[in-house]
1. Taking the conditions exactly as written (free of Cβ contacts under 8 Å to residues at least 40 places away in the same chain, over 16 Å from Thr204 (Cβ atoms) and more than 16 Å from the chain's Cα centre (by Cα)), does Ile52 satisfy them or not?
2. Inspect all residues belonging to segment 9-21 and state whether any of them is free of Cβ contacts under 8 Å to residues at least 40 places away in the same chain, at negative phi and in contact with a strand residue (DSSP E or B) (Cβ under 7 Å, 6 or more places away or on another chain).
3. Need a quick list: strands (runs of 3 or more DSSP E) entirely within segment 140-189 having at least 1 residues that are of a type in the set (D, E, K, R) and either at pLDDT 90 or above or closer than 16 Å to Cys112 by Cβ (or both).
4. How many residues does segment 57-74 contain that are in contact with a helix residue (DSSP H, G or I) (Cβ under 9 Å, 6 or more places away or on another chain), assigned to a loop (DSSP other than H, G, I, E, B) and not β-branched (Val, Ile, Thr)?
5. May I ask you to verify whether Asp93 is surrounded by fewer than 11 Cβ atoms within 10 Å (Cβ to Cβ), outside any loop (DSSP other than H, G, I, E, B) and either acidic (Asp, Glu) or modelled with pLDDT of 95 or more (or both)?
6. What number of residues within segment 180-228 are among the polar types (S, T, N, Q), surrounded by fewer than 18 Cβ atoms within 10 Å (Cβ to Cβ) and farther than 23 Å from Arg38 by Cβ?
7. Being under 19 Å from Ala65 (Cα atoms) and free of Cβ contacts under 8 Å to residues at least 12 places away in the same chain is the filter here, so list the residues in segment 166-209 that pass it.
Amino acid sequence: MQTIYIYLDDSGVFHRNDRYFVYGGYLFLDKKEKDTARRKYRKLSDQIKATIDGCVEVKSFGLAAKHRRALYNVMKPYESLSVCVNTRRINKDIMSEKKSIHRFKDYALKRCIKSKFMDLIRKGKIDPYEDVNLIICIDEQGTATNGYYDLKSSIYEEFIHGVHNFDYSVFHKPILYGNLMIDVSYKTSISDYLIQASDIIANTIWHSHTHSKHQLRNKTNHFYLQLP
């Protein structure tokens, strides 16, 4: 069985006043890789934190550009993923109801994770016929939904059974053919360095849109998705 870890954070509030909303993070193909990445990021983060008076947690907002860049670069060797939502293109009915917003955010996360999986399957880094234990850690947030499935159930359904798009009369085939176990947890960033690393990449992708710096998305091992 292959254990895969995904850590994700977002760029801020999902609202039309802030045109872009981004989820970003990292995917690790085994525990050793995850633990190595955490040690590297923690070492650098603690060094930066020691230079900032009263700093409890190194966050992207308000961080000096050189420090943000250093934290971004230390994670370059690892697989990463992001999804950017243009909130002004989202149906007003979705934007006006809190539960619908949560449902759309879950949808965006699922699309992003699935796209990254498909990319790694194409590259031979994930065997679609091997059993997979998928552990997803997301920066703490509300999890209410007015859909039929929560994030965990909808990922399982689509990965293992496929999904019908009735609007276009299309069936999307499953992408995994072994057993799939999924654990989704929500954590505070202060307690997890890899959630903090995900905050840096999420805000870097957000910055690439708000300041038209497309080159910031040209990251090795990165899969980028834009919605809608």
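1. Spelling it out, Ile52 is indeed free of Cβ contacts under 8 Å to residues at least 40 places away in the same chain, over 16 Å from Thr204 (Cβ atoms) and more than 16 Å from the chain's Cα centre (by Cα).
2. Within segment 9-21, none of the residues are free of Cβ contacts under 8 Å to residues at least 40 places away in the same chain, at negative phi and in contact with a strand residue (DSSP E or B) (Cβ under 7 Å, 6 or more places away or on another chain).
3. 180-187
4. 6
5. When the stated conditions are applied, Asp93 passes them.
6. Residues in segment 180-228 being among the polar types (S, T, N, Q), surrounded by fewer than 18 Cβ atoms within 10 Å (Cβ to Cβ) and farther than 23 Å from Arg38 by Cβ: 5 in total.
7. Passing the criteria: His207, Ser208.
Rundown of residues vs (1) buried (at least 22 other Cβ atoms within 10 Å of the Cβ); (2) assigned to a helix (DSSP H, G or I); (3) in contact with a strand residue (DSSP E or B) (Cβ under 8 Å, 6 or more places away or on another chain), yes/no style:
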{"residue": "Tyr7", "(1), (2), (3)": "yes, no, yes"}
{"residue": "Tyr41", "(1), (2), (3)": "no, yes, no"}
{"residue": "Ile52", "(1), (2), (3)": "no, no, no"}
{"residue": "Cys55", "(1), (2), (3)": "no, no, no"}
{"residue": "Lys76", "(1), (2), (3)": "no, no, no"}
{"residue": "Leu81", "(1), (2), (3)": "yes, no, yes"}
{"residue": "Val85", "(1), (2), (3)": "yes, no, yes"}
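The values are calculated or read from the model by the stated rules, or taken from the named source; none is laboratory data. Keep in mind it's a predicted model, so treat the numbers as computed, not measured. Because the Cβ atoms are built from the backbone with ideal geometry, glycine has one as well, and the counts that use them run over all protein chains shown.
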